[in-house]
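Report on one structure; see the data block that follows.
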Number of protein chains: 2
Amino acid sequence: MNSILVVGSVALDTVKTSAGSISDGLGGSATYFSLAARYFAPVQLVGVVGSDFPPQHRTLLSERGIDCSGLTTAKGKTFRWSGKYGKDAGVAKTLATHLNVFKDFKPKLDEAHRKAPVVFLANIDPELQSEVLAQMRSPALVACDTMNFWIDSKPEALKELLSKVDIFFSNEEEAEKLAKRPNPLQAAEVISSWGPSVVVIKKGEHGALMKIGSTFYMFPCFPLPDIKDPTGAGDTFAGGFLGYLASCGVYDDVGHLKRAMAYGTVMASFNVEDFSTKNIEDLDRDGIDERFHDLLDRMSVPRAEDLLKARRAVPA
Amino acid sequence: MNSILVVGSVALDTVKTSAGSISDGLGGSATYFSLAARYFAPVQLVGVVGSDFPPQHRTLLSERGIDCSGLTTAKGKTFRWSGKYGKDAGVAKTLATHLNVFKDFKPKLDEAHRKAPVVFLANIDPELQSEVLAQMRSPALVACDTMNFWIDSKPEALKELLSKVDIFFSNEEEAEKLAKRPNPLQAAEVISSWGPSVVVIKKGEHGALMKIGSTFYMFPCFPLPDIKDPTGAGDTFAGGFLGYLASCGVYDDVGHLKRAMAYGTVMASFNVEDFSTKNIEDLDRDGIDERFHDLLDRMSVPRAEDLLKARRAVPA
């Protein structure tokens, strides 16, 4: 099976939402990504934590088959983020960011990591993302994410990175800011001209868009009337997306990429149903596939010739 | 073929968007609805205009096969609305509303109108909507829309109406206000408990939701990087939706309702590509079906067993 290398943050998050709160919960982009992707393919996690990182968190990741040999421990404190969400659970308000040991993170890949066919460069400094990529031995698929901070501070390094990337994941607001365009469609147009053959724009509760070539494909969100904590939704989306592709070993087919969008949607939907990583730690693959098929059923539109075969009456 | 009766406003709109502006353009909910629905089924329009209503507008409607025998002319001025849209083209800011002759609108249906099997009660006073409905001879399908003004001023009359309606169309913000719930899923839950077996929530550029029984079906918007004028999008959506259902004569099948959502999406997408009704006056049905199939292709996700049959490579 094709493995996935992910390089990104492992953090302790303090989060408040209208449904409750959590202090120093397991978080970080690489964490969410790994926990989602591991249902589909072997995952190698590269990151750094401080000496205060609770050993049970490392155990949690390792026991779920995630290769944590690249998760180093540095002297100092683990990266901490705290934020809160308003009523609509859309955008987080960051209350505090303490990079701590993450500030000096300089990922060095060992031989086993360099050979991974799929690599996800989660949102770290784009210069570091490029350095990681330079250490890889011709991966079949390179994907990355970023965030507002890097769009503001290192746009040129980010563009340079994008010229070497196959798939770019971004949320709507960040894509518009990066491309200096007023809507996600125009933004994806500009960003794809910089390099990525696939641009994925995540719109939270409004679903996601994927641009391949000159065509946009649209995906709704899985309908959940109650969301507990949206933290990590984007990274679990990417985890389900790339995990599915790695499990197939097919990276250039529109049909596979559409299914990857649906798996990303499903993994993100599980994640937001509880705080921190709680709800994605112990799913089973059958449950994931059940929601996947549920999603496909809800968003499918029958062709005319299939209408009478599958009559389904509206309940009275 | 099953005909559709629509009762609502016929107006002259003055609209400003980032793409330009128009003064006293043909508008109104019944106008947009009729022009969209007439591609699918015969339409009977009931409304009122003033003596200043340009004859060419009536001719435009009549020449397109819309039965305007119920469009009366009253002494006074035609209903006028003016509004402007910000950069994101999402929500209109109303600059002025002059009800004029519409203020005294008391629709009286003649015998041909009463027999229509499908009726759309566009957003007029909910008491009037109920009065119109009371004049109908057991229609097979009753649908309605509303707006903020009636939600604020006559919520009880609106609830009373909803208990007699099969399909309720609403935009997201209005549904949340009416149901006093923070998101469209919870709002649809509450509204469906009042009566409608189908609740459709329109989310503009983010697509639309349909609740049938306890299940939500999600639909994306057709991707358009440039929108000229969103006025009338909701009513053209309803026109495509109900027009398609009337053309099939099937009102209680989930598959048909999903296709109706897609036709609604397509008609709204044509409408927003130009000011006023310009872009929906002279479409042809082949062009509509072409975009319908384009939409279905963009939102379809292949089943695993179909993946290898239909390989489509990502363009380099």
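The values are calculated or read from the model by the stated rules, or taken from the named source; none is laboratory data. Here the structure is a predicted model, which means the values were calculated and not measured. Neighbour counts are summed over all protein chains in view; Cβ atoms, including those assigned to glycine, are modelled from backbone coordinates with ideal geometry.
Brief remarks on what is shown
- Flag for B:LEU308 being within 30 Å of B:GLU189 (Cβ to Cβ) and more than 8 Å from every other protein chain (Cβ to nearest Cβ): no
Yes or no, residue by residue, for (1) farther than 24 Å from A:VAL250 by Cα; (2) in contact (Cβ under 8 Å) with a residue 40 or more places away in the chain; (3) out of contact with any Pro (no Cβ under 8 Å at 6 or more places or on another chain):
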| residue | (1), (2), (3) |
| --- | --- |
| A:PHE102 | yes, yes, yes |
| A:LEU121 | no, yes, yes |
| A:LEU162 | no, no, no |
| A:GLU176 | yes, no, no |
| A:SER193 | no, no, yes |
| A:GLY204 | yes, yes, no |
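- Considering the stretch A:131-164, and only residues there that are in a helix (DSSP H, G or I) and of a type in the set (Val, Ile, Thr), the residue that is surrounded by the fewest Cβ atoms within 10 Å (Cβ to Cβ) turns out to be A:ILE151.
- Residue count for the stretch B:82-97 satisfying the condition of being over 19 Å from the mean Cα position of the chain (by Cα) and not in a strand (DSSP E or B): 3.
- Within the set B:GLY204, B:GLY234, B:GLY240, B:GLY213, the sole residue that is surrounded by fewer than 22 Cβ atoms within 10 Å (Cβ to Cβ), of a type outside the set (Phe, Trp, Tyr) and more than 23 Å from A:GLU176 (Cβ to Cβ) turns out to be B:GLY213.
- B:ALA316 meets each of the listed conditions (1) more than 8 Å from chain A (Cβ to nearest Cβ); (2) at pLDDT below 95; (3) assigned to a loop (DSSP other than H, G, I, E, B) apart from (1).
- Search result, residues across the stretch B:152-186 that are of a type in the set (A, V, I, L, M) and within 26 Å of B:GLY243 (Cβ to Cβ): B:LEU158, B:LEU161, B:LEU162, B:VAL165, B:ILE167, B:ALA175, B:LEU178
- Residue count for the stretch A:241-281, restricted to those that are part of a loop (DSSP other than H, G, I, E, B), under 18 Å from the mean Cα position of the chain (by Cα) and not small (Gly, Ala, Ser): 7.
- Single match in B:VAL266, B:VAL301 (criterion: at the interface with chain A (Cβ under 9 Å from one of its Cβ atoms) and β-branched (Val, Ile, Thr)): B:VAL301
- Filter result (over 18 Å from the mean Cα position of the chain (by Cα), buried (at least 18 other Cβ atoms within 10 Å of the Cβ) and more than 23 Å from A:MET299 (Cα to Cα)) within the stretch A:173-190: A:GLU176, A:LEU178, A:ALA179, A:ASN183, A:ALA187
- Meets criteria (assigned to a strand (DSSP E or B), closer than 19 Å to A:ASP145 by Cβ and touching a residue at least 12 places away in the same chain (Cβ under 8 Å)) for A:VAL49: no
- Scope the stretch B:11-38; condition under 17 Å from B:GLY50 (Cα atoms) and part of a helix (DSSP H, G or I); matching residues: B:SER29, B:ALA30, B:THR31
- Of A:ALA41, A:ALA19, A:ALA11, A:ALA30, all but one fail to be within 18 Å of A:LYS84 (Cβ to Cβ) and touching a Gly at 6+ places or on another chain (Cβ under 7 Å); the exception is A:ALA11.
- In the stretch B:50-93, the residues that are in contact with a Lys or Arg (Cβ under 8 Å, 6 or more places away or on another chain), surrounded by fewer than 14 Cβ atoms within 10 Å (Cβ to Cβ) and within 20 Å of B:SER3 (Cβ to Cβ): B:GLY65
- Filter result for B:ILE124 (buried (at least 22 other Cβ atoms within 10 Å of the Cβ) and more than 28 Å from A:PHE216 (Cβ to Cβ)): yes
- Search result, residues across the stretch B:98-130 that are within 20 Å of the chain's Cα centre (by Cα) and in a helix (DSSP H, G or I): B:PHE102, B:HIS113, B:PRO126, B:GLU127, B:LEU128, B:GLN129, B:SER130
- Whenever a residue of the stretch A:246-257 is within 7 Å of another protein chain (Cβ to nearest Cβ) and free of Cβ contacts under 8 Å to residues at least 12 places away in the same chain, its partners that are among the charged types (D, E, K, R) and surrounded by fewer than 20 Cβ atoms within 10 Å (Cβ to Cβ), lying with C-beta atoms within less than 8 angstrom and at least six residues away or across chains, give the pairs A:ASP253/B:ARG311; A:ASP253/B:ARG312; A:GLY255/B:ASP306; A:GLY255/B:ARG311; A:GLY255/B:ARG312.
- Of all residues in the stretch A:269-289 being within 14 Å of chain B (Cβ to nearest Cβ) and among the acidic types (Asp, Glu), the one that is farthest from B:SER300 (Cα to Cα): A:GLU273
- Residue satisfying all of: in the stretch B:11-32; in contact with a Phe, Trp or Tyr (Cβ under 6 Å, 6 or more places away or on another chain) and buried (at least 23 other Cβ atoms within 10 Å of the Cβ); nearest to B:VAL119 (Cα to Cα) among these: B:ALA11
- Residue match in the stretch A:52-69 (condition: modelled with pLDDT under 95 and either assigned to a strand (DSSP E or B) or among the aliphatic types (A, V, I, L, M) (or both)): no
- Unmet criterion (only one of (1) under 30 Å from B:LEU209 (Cβ atoms); (2) touching a Phe, Trp or Tyr at 6+ places or on another chain (Cβ under 6 Å); (3) not acidic (Asp, Glu)) for A:SER192: (2)
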